[in-house]
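Scroll down for the structure; my scribbles are underneath it.
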Amino acid sequence: MSIKSYVMARVIDQFHHPRGMYGRVAGRIMATRDTNVARNHWIAEIIGPPAGVSILEIGHGPGLAIEALLPSLDGGHITGLEISDLMSRSAAKRNKDAVERGDVDFRVGDSANPPPELTGYDIIYAVNASMFWPEPLVAITELASRLSTGGEMVFVYMPPPTSTDSAQAVAAETAEHFAAAGLTNIGHDEMSFDPIAIATRGTRPS
Ligand SMILES: C[S@@+](CC[C@H](N)C(=O)[O-])C[C@H]1O[C@@H](n2cnc3c(N)ncnc32)[C@H](O)[C@@H]1O
């Protein structure tokens, strides 16, 4: 294996939980690659949060989607939950002013077991994160219980360059998990990009 292939393999291995030197490179790629930037801006557009909402993002990486949501937050609040301490610090740095204003806070933790006080959200979303969860249905069921009634869950998936999974297949599986977790009004939005990104949405019934 060439040195370049070795380094690339080490970096790719970091996307599920960035740590250390190779994790910083993975975080830099997440923050700058065109496709990453586009899908994170797109989720901010499709969520288009109404005033005063309470939002939780899971697996935010460098925090691009949170940064894109800030201009429309209008009295709301966003919490970011990340398994990677490195990414939590990176996202806090990117969104420093909003953290200082108290509009955003960042927590280190696992999607399957969020701290108990993270509850009562109007919107919970994730972007290219759930494919790394060992038991996605367990995590999605737990997260669905943290929505307010009428609250919405939105998961975006865009196949990364190394993936052989289609966006359609992952979105169909996510929809099954949403239904099994008790969410209703399940549907999809698509972003025409190369590659395509699909958002799966579901609502916690009253
Ligand atoms: C491919 S990155 C995507 C980051 C960001 N959402 C984006 O689109 O740029 C996946 C992120 O999910 C986080 N992650 C993976 N498993 C997680 C878990 N069980 N709970 C919380 N975060 C997790 C990783 O640390 C990583 O930052």
Subject >> Every residue from segment 147-158 that is farther than 16 Å from Gly59 by Cα and of a type outside the set (S, T, N, Q) >> reply: Leu147, Gly150, Gly151, Glu152
Subject >> Test result for Pro71, under 30 Å from Ser148 (Cβ atoms) and away from the ligand (no atom under 13 Å from the Cβ) >> reply: yes
Subject >> Index of the failed condition, Glu67 passing every other in (1) touching a residue at least 24 places away in the same chain (Cβ under 8 Å); (2) more than 24 Å from Leu118 (Cβ to Cβ) >> reply: (2)
Subject >> Any hit, segment 78-95, residues being aliphatic (A, V, I, L, M) and over 18 Å from Asn40 (Cα atoms) >> reply: yes
Original post:
Is it true that Phe132 is at negative phi, of a type in the set (Phe, Trp, Tyr), within 13 Å of the ligand (Cβ to nearest atom) and exposed (fewer than 15 other Cβ atoms within 10 Å of the Cβ)?
Top reply: yes
**OP:** Taking Ile55 as the residue in question, decide whether it is more than 9 Å from the ligand (Cβ to nearest atom), in a strand (DSSP E or B) and under 15 Å from Val156 (Cβ atoms).
**Re:** yes
Original post:
Among the numbered criteria (1) under 24 Å from Pro18 (Cα atoms); (2) assigned to a loop (DSSP other than H, G, I, E, B), which single criterion is violated by Thr174?
Top reply: (2)
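So which strands (runs of 3 or more DSSP E) stay within segment 62-127 end to end and still have 3 or more residues that are buried (at least 22 other Cβ atoms within 10 Å of the Cβ)?
Of the strands (runs of 3 or more DSSP E) lying wholly inside segment 62-127, those with at least 3 residues that are buried (at least 22 other Cβ atoms within 10 Å of the Cβ) span 77-82, 121-127.
Which residue, of Gly27, Gly23, is within 10 Å of the ligand (Cβ to nearest atom), touching a Ser or Thr at 6+ places or on another chain (Cβ under 6 Å), in a helix (DSSP H, G or I) and within 24 Å of Pro114 (Cα to Cα)?
Unique residue meeting the criteria: Gly27.
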Original post:
Met1: of a type outside the set (Ser, Thr, Tyr), part of a helix (DSSP H, G or I) and either on the phi > 0 side of the Ramachandran plot or loosely packed, with under 13 Cβ neighbours inside 10 Å (or both), yes or no?
Top reply: no
**OP:** Kindly indicate whether any position in segment 174-190 is within 15 Å of Arg39 (Cβ to Cβ) and among the small types (Gly, Ala, Ser).
**Re:** no
Original post:
When segment 9-28 is examined, which residues are found to be of a type outside the set (A, V, I, L, M, F, W, C) and within 17 Å of the chain's Cα centre (by Cα)?
Top reply: Gln14, His16, His17, Pro18, Gly27, Arg28
Original post:
Taking segment 128-165, which residues are charged (D, E, K, R) and either in a helix (DSSP H, G or I) or within 18 Å of Ala38 (Cα to Cα) (or both)?
Top reply: Glu142
Original post:
If you check Ala126, Ala144, which single one turns out to be within 13 Å of the ligand (Cβ to nearest atom), of a type in the set (Gly, Ala, Ser) and under 16 Å from the mean Cα position of the chain (by Cα)?
Top reply: Ala126
Original post:
Restricting attention to segment 36-45, and to residues there that are surrounded by 15 or more Cβ atoms within 10 Å (Cβ to Cβ) and more than 9 Å from the ligand (Cβ to nearest atom), which single residue is farthest from Glu152 (Cα to Cα)?
Top reply: Ala38
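Values in this text are rule-based calculations from the coordinates and carry no lab data. Treat the numbers as computed from the prediction; the structure is a model and nothing was measured. Glycine also receives a Cβ, built like all others from the backbone with ideal geometry; neighbour counts cover every protein chain displayed.
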